[in-house]
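The values are calculated or read from the model by the stated rules, or taken from the named source; none is laboratory data. The model shown is predicted, which means the values in this text are computed figures rather than measured ones. Note: accessible area is taken over every heavy atom of the protein model, side chains too, but ligands, DNA and RNA are not part of it. Shrake-Rupley method; radii C 1.70, N 1.55, O 1.52, S 1.80 Å.
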Amino acid sequence: MPKLTFVYARLHALGEPIRMTAAAAGVPLENVFVWDYYGKPWPEVKPTLPFGQLPELIIEEGGKTTKLYMSTVITRYIARIGKALPEDPVDAAYLDMMMERVHELFLPLNPSAQLPPSPSNKKGSKR
């Protein structure tokens, strides 16, 4: 099993389905907050990421490091390595359909997750 490091903010949001899938599939997943992983504030990290957003999954196996982005891709990857996906192609397609629909329902809520930092976080905080 590869070593998986999940990098995200201190939010449930798009990260929770990933964490829940890992737990249900028995896949070990190390959770690290973005500012802890990169050692700098999110606004400095954001432009360095391929899509300028999180979540990010770092996969380490056999001396090779691979990074995945996009929450549904990460969720499916974890389900796949945990052997938690249906073998039947129709069942798998149905699961994909439901996952895409849930993701579409989340998107309008995303601006509410982009809250400005609280006054206590503005000075001296890496967040």
Normalise the Debye intensity by I(0) for the chain, one equal point scatterer per Cα, no solvent, then take log10 at q = 0.19, 0.20 Å⁻¹ and round to two decimals.
-1.16, -1.25
For Cα pairs less than 8 Å apart in space and 6+ apart in sequence, what is the mean separation divided by the residue count of the chain, i.e. the relative contact order in percent?
29 percent
Note on the chain: helices (DSSP H) long enough, at least 24 Å by alpha carbon along their axis, and hydrophobic enough, mean Kyte-Doolittle at least -0.5, are 89-106
Could you pull the accessible area for Asp36 with a 1.4 Å probe, rounded to 10 Å²?
100 Å²
Amide H to amide H, which residues 5 or more places from Glu56 or on other chains are under 5 Å from it, using H placed in the peptide plane?
Val7
If I stretch the segment between Arg10 and Arg80 completely, what's the gain in nm (0.36 nm per residue apart, minus their alpha carbon distance), one decimal?
22.6 nm
